[in-house]
Amino acid sequence: MMNPPRHSKDPTIASRRRLIWVLALLCGMGNSLAMAGEQVLVEGILDAEVHKFNEYSFSPFSSDGDIFTLGQLQLWSAWQISPGFQAYALGELATVESGGNRKTDSQIQQAALRYSSNSSNAGNSSAFYFIEAGKIRPPIASTSERRLSTQNPLIGQPNLLYAPYPLGIQLAGSSGWLDYRAALVDLPPIDPEYLPSDPGSTLRPDVGLGLTPLTGLRLGLAYTKGPYLNKDLNVDLPPGSDWKDFDQRIWGFEFQFSRGYAELNSELIFAQYDVPFQSGSTDVMGYFLEFKYTFTPRFYCAFRLERNEIPLVRDMGDVPWLAQKLTVHDVEIGLGYRFSPDTQLKLAFRHDYGDEVYGDGAYGDGAYGNEYAGAVELYPLGYSLSLQLSHHFDLMSWLLTER
Amino acid sequence: MGLTTTTGTIHGEVLISHKLAAQRMRFRLYPGFKPLPPPTGPENTDDERTNVVIYLKSTPAITAVQAGGEAPQMKQVGETFVPHVLPIVQGTTVDFPNQDPIFHNVFSLSGTKSFDLGRYPKGDSRSVTFEQTGIVPVFCHLHSNMSAIVLVLDNPFFSMPDVEGQYRIENIPAGTYTIVGWHERSEPVEQQVEVLAGQAVELNIVIPITDDEPSAP
């Protein structure tokens with residue numbers, strides 16, 4: 001997948017070791033795991049990607065025309081502690097290479113305890129709920145599943161809302177035509193490339209509600225509100241104010257429709273950012289529209305249209321805070337071929353460009369080393385051509401097979 | 001059906017290893033907005049022996065026997081295919097009714113039969129005719145934890161054990177046959193058996209054939 005590594009940190013030996021330990025443990029425990037096959041699940045996805053960008057591509061990997069490769073392992077495991085009560089974790093190990101430079105990163109993306117009502121009312125009701133606590137899927141963005149290449153009809157992901165996996169507790173469920181989710185999480189959904197990085201940890205509400213008036217049609221709403229700065233920025237805030245006084249507010253609208261061989265996913269967000277020294281909020285809007293059509297059991301096509309107003313909020317030190325927005329459009333179109341239910345190949349073309357939002361503004365003249373300034377000049381006609389081979393595997397099925 | 005003077009019966013118990021007896025836990029990393037509880041009831045037993053198929057390898061005498069009856073079904077209920085294993089005779093049309101209040105998208109990429117039924121709502125059904133013999137793994141595009149198997153055979157002399165592990169194949173023309181015990185996670189187990197007219201042969205089948213202690217009922 002294209003997006004996650006752009007936020008990756010420098011290689012962290014400790015986290016890599018953790019993941020290697022987990023892998024070694026799983027291999028070493030093969031027989032024990034097989035005997036505990038009803039209580040343990042280990043699955044994963046292996047991705048291999050090749051990208052060719054031009055120098056104007058808005059992609060985070062735009063490598064001045066070099067070929068860019070990515071290899072990624074996503075591994076998740078779940079343990080049935082007791083009926084309805086599960087512990088699970090998702091880890092990622094990725095290595096990228098471009099122009100002779102290689103970078104490896106690993107992260108534990110999710111690690112949580114989940115209680116599910118599945119076992120308590122089995123078969124008697126369509127009502128369902130689960131409660132989970134730990135490092136969880138962010139409830140605000142419905143695009144999280146596209147981080148799994150097997151769920152993503154294309155190779156790139158929507159840039160609509162970058163939502164890191166926060167620590168939190170969530171109640172989610174459905175009953176009849178209604179679904180709901182309510183969570184308290186510790187991190188805002190921000191893209192650290194455009195907003196101050198390392199947001200402070202503080203609990204914020206994150207809620208969502210969905211209606212399914214008929215099978216295949218779902219309309220959803222989501223909302224979250226909370227601080228997005230951090231305490232290190234207090235020194236550059238107006239006297240008497242605290243970083244927690246500046247909120248981010250996001251309203252999300254989800255639309256999903258499918259029938260037969262067609263599938264449409266869409267999301268629209270409005271977001272407001274309170275910016276120090278600014279009288280009003282910085283408001284942005286973004287949406288994506290994604291369509292997939294399956295031609296044959298093996299072939300499908302998809303496209304995604306996206307328009308995002310990216311908030312650019314920066315502490316400039318001795319000058320007032322920057323509060324601007326950068327509008328980025330992108331279109332991705334792709335073809336997919338399934339070799340097997342677990343292995344697929346995708347080919348995708350992505351085109352993007354940015355609207356000009358800076359005139360002779362101070363921030364756009366390069367005085368601050370700003371690489372995002374003057375989007376039109378920097379990224380007039382970006383494109384990328386990408387190939388992705390992905391394979392899903394289920395370790396427990398393999399271990400539970402008699403050979 | 002009782003015994004006739006020209007046919008016989010094979011019956012017995014099926015035993016499987018502890019490894020085969022294990023069932024995978026249900027878990028979805030992304031549960032989705034409307035996940036469903038699993039089905040309960042007689043069609044959805046936890047006994048993995050009910051997913052074993054006992055069948056006779058074809059001979060000219062039994063391949064010619066015609067199968068009859070209604071079109072078998074493989075339902076989608078509680079995000080599960082029911083039954084999980086469906087043995088049929090080649091040429092049979094199988095219905096895939098959706099009984100869940102959500103979409104499913106049944107498909108197979110098997111070389112024996114490849115199909116994609118698209119998404120259809122509760123109460124609707126799609127059908128597939130299986131012309132060739134072989135194993136057809138079936139999946140759902142929307143729910144990666146859903147899987148099933150259609151086992152397409154060339155004769156109607158097959159049986160699936162009940163929850164007690166007992167199987168019974170009746171009205172077999174007298175003769176010597178190869179009987180096969182099949183489970184999706186094991187190599188097929190084959191044994192020779194002679195069927196005498198008007199008689200019932202008891203034959204227990206252990207899958208796989210190992211020195212390990214098989215699963216207790």
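Readers should treat all values here as calculations from the given coordinates under stated rules, not as data from a laboratory. Just so we're clear, the structure is a prediction, and the values are computed from it rather than from any experiment. Here the Cβ positions follow ideal geometry from the backbone for every residue, glycine too, while neighbour counts run over all protein chains shown.
Taking a threshold of 18 Å on the Cα-Cα distance, which of the pairs A:LYS292/A:LYS346; A:LYS225/A:LYS325; A:LYS52/A:LYS292; B:LYS34/B:LYS122 fall above it? Checking Cα-Cα distances, A:LYS225/A:LYS325; A:LYS52/A:LYS292 exceed 18 Å. Taking amide H as placed 1.01 Å from N in the peptide plane, A:VAL40 has its amide H under 5 Å from the amide H of A:GLN80, B:MET25, each at least 5 places away in sequence or on another chain.
GNM remark for chain B: springs join alpha carbons under 10 Å apart, and the peak mean-square fluctuation among B:PHE27, B:PHE81, B:PHE115 falls on B:PHE27. Our helix-only sum for chain B, with -39,500 (n - 2.57) per DSSP H run of n ≥ 4 divided by its residues, gives a mean residue ellipticity at 222 nm of -500 deg cm²/dmol. Charge dipole (Cα centre; +1 on Lys/Arg Cβ, -1 on Asp/Glu Cβ; no other charges) of the range A:154-302 amounts to roughly 680 debye. Here the 3J(HN,Hα) profile of the range A:321-327, calculated from phi with Karplus coefficients 6.51, -1.76 and 1.60 at θ = phi - 60°, is 4, 7, 9, 9, 9, 10, 9 Hz, Gly and Pro shown as x. Whole-Hz Karplus values for the range B:15-20 come out as 10, 10, 5, 4, 5, 6 Hz, taken residue by residue from phi with 6.51 cos²θ - 1.76 cosθ + 1.60 and θ = phi - 60°; glycine and proline positions read x.
What shape does the range A:186-342 take by its C-alpha gyration tensor, where a ≥ b ≥ c are the square roots of the eigenvalues and a/c under 1.5 counts as rounded, a/b above b/c as prolate, and the rest as oblate? Prolate, because a/c is 1.5 or more and a/b exceeds b/c. A cut-off of 5 Å between modelled amide H atoms, ignoring neighbours fewer than 5 places along the same chain, links B:GLY118 with B:VAL106. Coordinate range of the alpha-carbon atoms in chain B per principal axis, descending: 57, 38, 30 Å.
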